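Undergrad: Following this message is one structure expressed as structure tokens.
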Amino acid sequence: MQRSTLYRALAVTVTAVVAATGAILIAGCGTASSQPWPGSGSAEQFTLAADKSGHRWASAASATVTPGVQTNTQGARQCTANYTFVDNAGNVYLGQAAHCAGTGIGNLIDPDGCIADSLPLGTAVTFNRGSLLTFPGEVVGTGHLVYSSWLAMQQNGEQDHNTCAYNDFALVKVAPEDIRKVNPSVPYWGGPVGLNTTGTGIGDRVYGYGNSGLRFGIAELSPRTGQSKADGLVTTGWTHALTVTMPGIPGDSGSAFLDRNGYALGTLSTLGIGLPIVNSIGDMSHELAYARAHSGISGLSLVLGTEPFDPNR
């Protein structure tokens with residue numbers, strides 16, 4: 001599909017439009033591609049085992065700042081965190097979608113990150129639980145925006161069509177006093193156990209965890225499974241199209257998807273129209289490689305989960 005058919009339809013601020021019109025916002029077909037590893041070096045160099053990351057993580061049972069926590073970007077919208085990251089200086093980050101800091105309805109209609117408007121780096125972000133449409137819930141941690149793929153692409157003068165369309169990734173630096181609350185495991189499923197660099201095959205099972213406030217705090221509605229659609233050559237590995245038992249809704253933006261083996265596959269970006277409904281996710285290996293090259297964060301690495309991946313729950 002053409003990029004003009006893509007919409008960033010997964011942020012809570014557009015919910016009123018959906019509810020009022022009964023419409024489903026369109027997103028890209030997102031034909032994924034079998035992909036050459038986009039980074040320099042091996043994928044293992046982009047990940048760290050939890051016990052090798054230089055931090056003593058909170059237990060999965062007690063942690064309140066984790067993948068899957070709600071993020072609220074000041075002046076923008078509620079989204080869902082995807083994975084945990086660290087750097088050489090000992091800082092800790094949670095990932096979210098770049099469009100979670102987007103400004104204006106135009107960013108939901110034209111998702112080209114190379115021209116879309118965004119709030120600046122330094123914007124405050126809170127980590128919340130129990131957020132609803134009109135209720136912010138409990139703040140369990142704080143941070144600020146330190147990287148946006150949209151801003152980085154604009155600063156770099158990025159011209160590649162697929163990169164502009166599908167590179168939808170941001171980093172929120174966790175406040176030092178809240179690092180003790182962090183666990184890097186994806187709730188319910190466990191993992192990630194590594195970084196997917198080979199894409200998916202037709203029908204491959206995938207596993208996600210969204211935390212939209214529109215689910216009214218019902219935790220049982222957050223885990224979801226789905227299947228990958230065909231990998232093609234159109235988007236050079238930047239995106240994967242999925243059919244999901246419970247498709248992403250506003251507020252799920254940025255949330256993690258794991259492949260059938262528990263490897264970090266991607267981050268939820270768009271919602272499609274048609275039968276079946278298709279979600280498109282940005283490829284994590286591409287997004288992380290770009291962030292390592294353009295964020296100025298030395299040694300940026302994805303932290304693997306402390307909990308084993310269990311697809312049979």
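Undergrad: For region 174-194, which residues satisfy the criterion of being under 15 Å from the mean Cα position of the chain (by Cα) and surrounded by fewer than 24 Cβ atoms within 10 Å (Cβ to Cβ)?
TA: Result: Pro187, single match.
Undergrad: Would region 203-217 turn up any residue that is open to solvent by less than 10 Å² (accessible area, probe 1.4 Å), in contact (Cβ under 8 Å) with a residue 40 or more places away in the chain and of a type in the set (A, V, I, L, M)? So that I can check it myself, show each step before the final result.
TA: Within region 203-217, the first condition is being open to solvent by less than 10 Å² (accessible area, probe 1.4 Å), and the residues that meet it are 206, 208, 210, 212-213.
If we keep only those that are in contact (Cβ under 8 Å) with a residue 40 or more places away in the chain too, we end up with 206, 208, 210, 212-213.
Filter once more, keeping what is of a type in the set (A, V, I, L, M): 206.
Yes, some residue in region 203-217 is open to solvent by less than 10 Å² (accessible area, probe 1.4 Å), in contact (Cβ under 8 Å) with a residue 40 or more places away in the chain and of a type in the set (A, V, I, L, M).
Undergrad: Let me ask you something else. Go over the candidates Gly143, Gly122 one by one and state the one that is assigned to a strand (DSSP E or B), in contact with a strand residue (DSSP E or B) (Cβ under 9 Å, 6 or more places away or on another chain) and not acidic (Asp, Glu).
TA: The match here is Gly143.
Undergrad: Of the numbered conditions (1) under 21 Å from Ser285 (Cα atoms); (2) basic (Lys, Arg); (3) without any contact (Cβ under 8 Å) to a residue 60 or more places away in the chain, Lys173 fails exactly one; give the number of that condition.
TA: (3)
Undergrad: Restricting to region 60-97, give me the number of residues that are among the charged types (D, E, K, R) and in contact with a Leu (Cβ under 7 Å, 6 or more places away or on another chain).
TA: 1
Undergrad: Filter region 136-165 down to residues that are open to solvent by less than 40 Å² (accessible area, probe 1.4 Å) and under 30 Å from Ala63 (Cβ atoms), then give me how many there are.
TA: 11
Undergrad: Take region 104-122 and flag every residue that is buried (at least 18 other Cβ atoms within 10 Å of the Cβ) and at pLDDT 90 or above.
TA: Gly113, Cys114, Ala116, Ser118, Leu119
Undergrad: In addition: Checking Ala89 against (1) buried (at least 16 other Cβ atoms within 10 Å of the Cβ); (2) of a type in the set (A, V, I, L, M); (3) outside any helix (DSSP H, G or I): exactly one of these is not met. Which one?
TA: So Ala89 meets the others, but not (1).
Undergrad: Return the pairs, sorted by first residue and then second, in which the second residue is at pLDDT 95 or above and of a type in the set (Asp, Glu), the first residue lies in region 291-313 and is open to solvent by less than 60 Å² (accessible area, probe 1.4 Å), the beta carbons are less than 7 Å apart, and the residues are 6+ apart or on different chains.
TA: Matching pairs, first to second residue: Ile297/Asp87; Gly299/Asp87; Leu300/Asp87.
Undergrad: Being at pLDDT 95 or above and outside any strand (DSSP E or B) narrows it down to one residue among Gly296, Gly266, Gly274; which is it?
TA: It is Gly296.
The values are calculated or read from the model by the stated rules, or taken from the named source; none is laboratory data. Model, not experiment: these values are computed from the prediction. Every residue, glycine among them, receives a Cβ derived from its backbone with ideal geometry; neighbour counts consider all protein chains shown. Surface accessibility is based on the protein's heavy atoms, side chains included, excluding ligands, DNA and RNA. Shrake-Rupley method; radii C 1.70, N 1.55, O 1.52, S 1.80 Å.
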